[in-house]
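Below: the structure, in structure tokens.
The values are calculated or read from the model by the stated rules, or taken from the named source; none is laboratory data. Since this is a predicted model, take the numbers as computed values, not measurements. Here the Cβ is made from the backbone with ideal geometry for all residues, glycine too, and neighbour counts use every protein chain on show. For the accessible areas, the whole protein counts, side chains as well, though only heavy atoms, and no ligand, DNA or RNA atoms are used. Shrake-Rupley method; radii C 1.70, N 1.55, O 1.52, S 1.80 Å.
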Amino acid sequence: MTAAQATARTTLDEAVVDSSALMCILMGEPAAPLFITALQKTNRLYIGAATRAEAWLAAFNAKGLGGAQQVEALLAALQVETVDFTQDSLPHFVVGAERHHHKVDAKARLNLGDLFTYALAKETALPLFFQGTDFASTAIENAMALLGYVYSDKGVPQALN
């Protein structure tokens, strides 16, 4: 057991969800059951409106209208609340872009969609459910890590031992 797993929480009060976690579930990737379990251990989940639109479009592109409907059904089943991007969000977006945009930070490499998620996580000071290495290179708290999961070098959550 790692030190992180020894101090892991059993639940989270609140967290933000990135489209990468939703797409992992939709595409039936190996970490999908881990994300489902972890998301169900979180009392309140949030997704930015722009990130929700991004997830809808990614699912639509991958699986057609049925895929987009699956993402919407998943968000409804998990009772994920959609949060608007407002003028109060903009400073967090700008800071994220200045520090972590893919043209600035070779490690984080945040794209436009990622920056909307980054802004929401920073504005709310909440941990983030994500897959991949981009957000791991920022100061955003990793919701899966808080629940005791470890990540591969490719940014994929691994099963608890």
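Skipping prolines and chain starts, which residues have an amide H placed within reach, meaning under 5 Å, of the one on Tyr46, given they are 5 or more residues away or on another chain?
Placed amide hydrogens put Ala15, Val16, Val17, Glu81 under 5 Å from Tyr46.
Over the stretch 1-155, what percent of the accessible surface lies on carbon and sulfur atoms, probe 1.4 Å?
Values: 4230 of 7770 Å².
So the carbon and sulfur contribution to the accessible surface is 54 percent.
Give me the one-decimal nm value for the distance between modelled label points at Arg99 and Asn43, 7 Å along each residue's Cα-to-Cβ direction.
Inter-label distance under the simple model: 2.7 nm.
Could you order the peptides 12-23, 77-88, 131-142 from most to least packed, using the average number of other C-beta atoms within 10 Å per residue? Display every interim value, and only then the final one.
On the way: 12-23: 23.9, 77-88: 12.8, 131-142: 19.0.
Highest to lowest by the protection proxy: 12-23, 131-142, 77-88.
If you add up the charges near Phe116, with Lys and Arg at +1 and Asp and Glu at -1, over every other residue whose beta carbon is less than 12 angstrom from its beta carbon, what do you get?
Working: positive: Arg52, Lys122; negative: Asp18, Glu54, Asp84, Asp114, Glu123.
Net charge in that neighbourhood comes out at -3.
With the contact rule set at Cα under 8 Å and sequence spacing of 6 or more, what percent relative contact order holds for the stretch 2-138? Don't skip to the end; give the middle numbers.
Numbers: 192 pairs, mean separation 41.2, N = 137.
About 30 percent, as a whole number.
Once you wrap a convex hull around the alpha carbon atoms of the stretch 109-161, what is its projected area averaged over all directions, in nm²? Don't jump to the answer; show the numbers that get you there.
Working: hull surface 14.3 nm².
Mean projected area of the Cα convex hull: 3.6 nm².
Around Val16, with a cut-off of 13 angstrom between Cβ atoms, what is the net charge of the other residues, counting Lys and Arg +1 and Asp and Glu -1?
On the way: positive: Arg44, Arg52, Lys122; negative: Asp13, Glu14, Asp18, Glu81, Asp114, Glu123, Glu141.
Net charge around Val16: -4.
Check Leu12: other-chain or 5+ apart residues with amide H under 5 Å from its amide H, H built from backbone geometry?
Thr42, Asn43
Just to confirm, what accessible area per residue do you get for the chain at 1.4 Å probe, in whole Å²? Write out the running numbers ahead of the final one.
Details: 8210 Å² over 161 residues.
Heavy-atom SASA per residue in the chain reads 51 Å².
Rounded, prolate or oblate: which one fits the stretch 2-101, using the alpha carbon gyration tensor with axes a ≥ b ≥ c (rounded when a/c is under 1.5, else prolate when a/b beats b/c, else oblate)?
In terms of gyration-tensor shape, oblate.
Any chance you could list the semi-axes, whole Å, largest first, of the equivalent ellipsoid that the Cα gyration tensor gives for the stretch 56-161, using √(5λ)?
Equivalent ellipsoid semi-axes, largest first: 22, 20, 15 Å.
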